[in-house]
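The values are calculated or read from the model by the stated rules, or taken from the named source; none is laboratory data. The shown structure was predicted, so the numbers you read here are calculated from the model rather than taken from an experiment. Quick reminder, even Gly has a Cβ in these numbers, built from the backbone with ideal geometry, and neighbours come from all protein chains shown. Areas reflect the complete protein model, heavy atoms only, side chains present, ligands, DNA and RNA absent. Shrake-Rupley method; radii C 1.70, N 1.55, O 1.52, S 1.80 Å.
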Amino acid sequence: MAMSAFVQPALPLTPAVSRSVPVHHSFEKSAPLAKAILPSDHSSGIQCGGALGKTLPTTAIALALAAARRRHRLSSKRRVSLHSSSSEAAIDLTSVRERTLRVNLDDSFYGSFAEIGAGQEVSRWFLRAGAAAGTVARSVSAYDMQMSDRMYGTSKRYVTRERLIQMMDQEYRELNETLRTTKGPDCRFFAFASTIAAKAFNSDRECEGWLGCLYQSRPGEEPSMITLHVAMMDPTAELQGDALGILGSNLVYLCKDHLKAVDVVRDLMHSIAPGRLAINSVTFDGPAWPDVDPVLVGLWLAEYGLAPAVVFMPTEDGRHEISTPNEAFYKKPLCIQRGRFRLMSKTNEAIFNAGVKQLSETSTSGRDAMPVIDFMISPLGYSQKSWDTDIPPEVEADFVSRFKVCASLGLPILVSGMPSIWGLAQYTTRFTNQQVVIAVGGGAYSIERGMFSEAESKGLAGGLLEGFGK
């Protein structure tokens, strides 16, 4: 990887406020059970009924009490751990069930589930929560392409946003035509859909998918829509389906109530452990979302740690729209310039020109190099503490202002929270098989501070040498 960059002061953010809720278990809750097992006139053991008539020692009583207390804790807040080679995912099942049950108990919110590629994990949560008849009109999964085309129309590619919208439109249309008279005008319909390329046998492809919900925010209103693209990092299809089931359940739950867009974004990963999913894009459309700025959506995704980076591609009308990295970078040589970009000068253009020239001279693919601006931020991180923290309006305004400076060049923009060059290199080479050049230098740039700092070797056993090797 050739290197030549530009780094400026960090984007300030207010510190996150910690908010923790301790969970206690009182021994007094086991007192009735203790009295039943251990009568007051037995100090060393208890008489066991039945033909054996054996006396249990006090240690057995203690074990019985411990088991009872353990069962109480599990019933009051059940948690399971899903182990993978990359991480241990502790999932608060009670919370997910509470969310899906709350939706099921609201008979004014009614819809269908269409899931392709990772099982029917989202509808399964609603069907298991109880009172599913209050929410689920139907749950379908058309794995066969011909059956899928018969239900939703033909498509050149199946794991795309266009296919997702086809699915949601058809499901919503059938709901409205079949059940509107029965359910009445006050019932809000929704259609959840997903099309997923999960882990396949003997394949190392990038696991990704699209999820969305087409829904009525208010009775009688035209439907609104939230769609999102997700990358899955779990090593098995089973674990990937499990994580997607929770994500989709969260999405339906968040669509039920009229929330702010930022609240929807930062609550999508509720009960999903870090390292399992990355949300590359979220789009808001329809009357419920008249003025959602996609630039701020990209900031929220990167700031709250839902994705390591968010890609914006320029459009013909001069705007920038959120894209997916596998679509934007597929088989393209990349020349990336990093910075905080409080201003854009001729120096930045000169750095890009030099990097693109070098890449063109060394590349054997014959493809034109794509210049990419890496707009660096300092993220709050992936945690409930950060999700409970609001980004101050003045920080959002400063970010938008700097984004517009970057957008003036009309180039792709990568909003990233990756502090190291090697982290950026690893991220981008997941999506292209061509050469990636990270251009550095210009002005008062310090190569010691930019390439030999602690950030470049943080978390690496081999230090800077390992970082350069990546």
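Some notes on this structure:
- A residue that is among the small types (Gly, Ala, Ser), farther than 23 Å from LYS332 by Cα, open to solvent by 10 Å² or more (accessible area, probe 1.4 Å) and more than 19 Å from the chain's Cα centre (by Cα) occurs nowhere in region 354-370.
- If you go through region 252-266 and keep only what is closer than 20 Å to ASP106 by Cα and either assigned to a helix (DSSP H, G or I) or within 14 Å of the chain's Cα centre (by Cα) (or both), you end up with VAL252, TYR253, LEU254, CYS255, LYS256, VAL264.
- Those residues of region 197-218 which are touching a strand residue (DSSP E or B) at 6+ places or on another chain (Cβ under 6 Å) and either modelled with pLDDT of 95 or more or among the charged types (D, E, K, R) (or both), in sequence order: GLU208, GLY209, TRP210, LEU211, GLY212, CYS213, LEU214, TYR215, GLN216, SER217
- Residue that is surrounded by the most Cβ atoms within 10 Å (Cβ to Cβ) [pool: residues in region 334-343 that are touching a strand residue (DSSP E or B) at 6+ places or on another chain (Cβ under 7 Å) and in a loop (DSSP other than H, G, I, E, B)]: PHE341
- Out of SER217, SER249, sole residue that is open to solvent by less than 40 Å² (accessible area, probe 1.4 Å), assigned to a helix (DSSP H, G or I) and among the hydroxyl-bearing types (Ser, Thr, Tyr): SER249
- Failed condition for ILE196, given (1) touching a His at 6+ places or on another chain (Cβ under 7 Å); (2) buried (at least 21 other Cβ atoms within 10 Å of the Cβ); (3) not charged (D, E, K, R): (1)
- Residues that are acidic (Asp, Glu) and more than 25 Å from VAL297 (Cα to Cα) within region 313-365 comprise GLU349, GLU361, listed in sequence order.
- Subset of region 154-170 (residues that are buried (at least 16 other Cβ atoms within 10 Å of the Cβ) and not small (Gly, Ala, Ser)): TYR158, VAL159, THR160, ARG161, ARG163, LEU164, ILE165, GLN166, MET167, MET168, ASP169, GLN170
- Residue list for region 281-326, filter: part of a strand (DSSP E or B) and open to solvent by 10 Å² or more (accessible area, probe 1.4 Å): THR283, PHE284, ASP285, MET313, PRO314, HIS320, GLU321, ILE322, SER323
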